[in-house]
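J.: Sending over a structure as structure tokens; questions will come in a sec.
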Amino acid sequence: MLDLLPDLFDRYSEQLTILPPLFSQYGGKSIFFGEVFTVKCFEDNSKVKQVLNEPGLNRVLVVDGGGSKRRALLGDLIAESAVKNGWQGVIIYGFVRDVGTLKTMKLGVQALGAVPIKTERKNQGELNIPINIESNHIKPGMWVYADDNGIAFSASELSLSFLEQD
């Protein structure tokens with residue numbers, strides 16, 4: 001399977017919303033999906049680190065970093081924790097760093113861009129609350145589907161069994 005979203009939109013267009021095409025792929029896993037867990041933070045990745053050190057249960061962390069370009073909310077060490085703990089991916093409305101290493105990891109990572117500067121950890125942020133990214137309302141428990149074509153959300157899990165028939 002090289003593409004997921006075109007097939008999903010062909011079948012479930014009424015159930016999906018898509019983020020604007022602002023995000024780029026940085027992880028070694030280009031197709032990823034799972035139940036949404038959210039973090040809202042600004043230039044402080046303390047909560048991102050905390051959450052990705054917990055069991056991922058095949059979920060995807062969606063981070064509202066306010067679109068900041070000044071500090072990276074995810075780097076190689078935190079991403080390594082995500083892989084070890086069973087997270088499928090991380091979507092960051094903000095920036096990442098260590099992109100050469102992120103590409104080698106079995107983790108989906110999409111973000112607005114890359115910057116080499118880490119955050120100052122002040123333990124600020126909110127966990128698993130509704131967030132808004134580019135006028136899209138995203139709630140914990142929704143499902144997210146991502147590939148090279150973009151990032152889409154649905155209120156509940158969508159069956160992918162039709163992909164096995166192709």
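The numbers here are math on the coordinates, done by the rules we state, and not lab data. Owing to the predicted nature of the structure, the values given are computational and were not obtained by experimental measurement. Please note: Cβ atoms are built from the backbone with ideal geometry, for glycine as well, and neighbour counts cover all protein chains shown.
J.: Work out from phi, with θ = phi - 60° and the Karplus expression 6.51 cos²θ - 1.76 cosθ + 1.60, the ³J(HN,Hα) of each residue of region 123-134, listed in order in whole Hz, and give x for Gly and Pro.
T.: In residue order, the calculated couplings are 6, 9, x, 10, 10, 6, 10, x, 10, 10, 10, 6 Hz.
J.: Just one of (i) 15.6; (ii) 16.9; (iii) 16.0 is Kirkwood radius over Cα pairs in Å as worked out from the coordinates here. Which one is it?
T.: Entry (i).
J.: Ordered by residue, what ³J(HN,Hα) values in Hz, to whole numbers, does region 75-85 give under the Karplus form 6.51 cos²θ - 1.76 cosθ + 1.60, where θ = phi - 60° and Gly and Pro are x?
T.: Those phi angles translate into x, 5, 5, 5, 4, 4, 4, 4, 4, 4, 9 Hz.
J.: Of the residues Leu102, Leu61, Leu127, which exhibits the maximal mean-square fluctuation in a Gaussian network model of the chain defined by a 10 Å Cα contact cut-off?
T.: Top of the fluctuation ranking is Leu127.
J.: What is the antiparallel percent of DSSP beta bridges lying wholly in the chain, to the nearest 5? All intermediate terms of the calculation are to be shown ahead of the outcome.
T.: Details: 18 of 37 bridges.
For the chain, the DSSP antiparallel bridge percentage is about 50.
J.: Right, next: Once each part is reduced to its C-alpha centroid, what is the distance from region 112-166 to region 72-92 in angstrom?
T.: 13 Å
J.: Using R₀ = 30 Å, calculate the FRET efficiency as 1/(1 + (r/R₀)^6) where r is the Cβ-Cβ separation of Thr104 and Leu57; round to 0.05. Spell out each step's value before the answer.
T.: Values: r = 24 Å, r/R0 = 0.79.
The computed FRET efficiency comes out at 0.80.
J.: Starting from the 7 Å offset along Cα-to-Cβ, what nm value, one decimal, do you get for the label separation of Ser30 and Glu164?
T.: 2.5 nm
J.: To the nearest 20 debye, what charge dipole does the chain have about its Cα centre, counting +1 at the Cβ of each Lys and Arg and -1 at the Cβ of each Asp and Glu? Intermediate results must be reported in sequence, preceding the final value.
T.: Values: 17 positive and 20 negative charges, 179 e Å.
Magnitude of the dipole: close to 860 debye.
J.: Any idea how many Lys pairs in the chain come in under 15 angstrom at the alpha carbon, given 8 or more places apart or on separate chains?
T.: So the count works out to 13.
J.: Further question on the same structure: Tell me the mean residue ellipticity at 222 nm calculated for the chain from its helices only (DSSP H runs of n ≥ 4, each -39500 (n - 2.57), averaged over every residue, nearest 500). Don't skip to the answer; put the middle values down first.
T.: Values: 5 runs with 33 residues, N = 166.
Dividing the helical sum by the residues of the chain leaves -5000 deg cm²/dmol.
J.: Work out, step by step, the length gained on full extension between Ala155 and Leu127: first 0.36 nm times the residue separation, then minus their alpha carbon distance; give nm to one decimal.
T.: 8.2 nm
J.: Moving on to the next point. Explain nothing, just compute: Karplus ³J(HN,Hα) = 6.51 cos²θ - 1.76 cosθ + 1.60, θ = phi - 60°, for every residue of region 43-59 in order, whole Hz, x for Gly and Pro.
T.: Taking θ as phi minus 60°, the curve returns 6, 8, 9, 3, 6, 4, 4, 4, 5, 6, 8, 9, x, x, 6, 6, 8 Hz for region 43-59.
J.: Put +1 on the Cβ of each Lys and Arg and -1 on the Cβ of each Asp and Glu in region 1-160; which of Ile117, Pro21, Ser135 then has its Cα farthest toward the positive end of the dipole?
T.: Ranked along the dipole, the leading option is Ile117.
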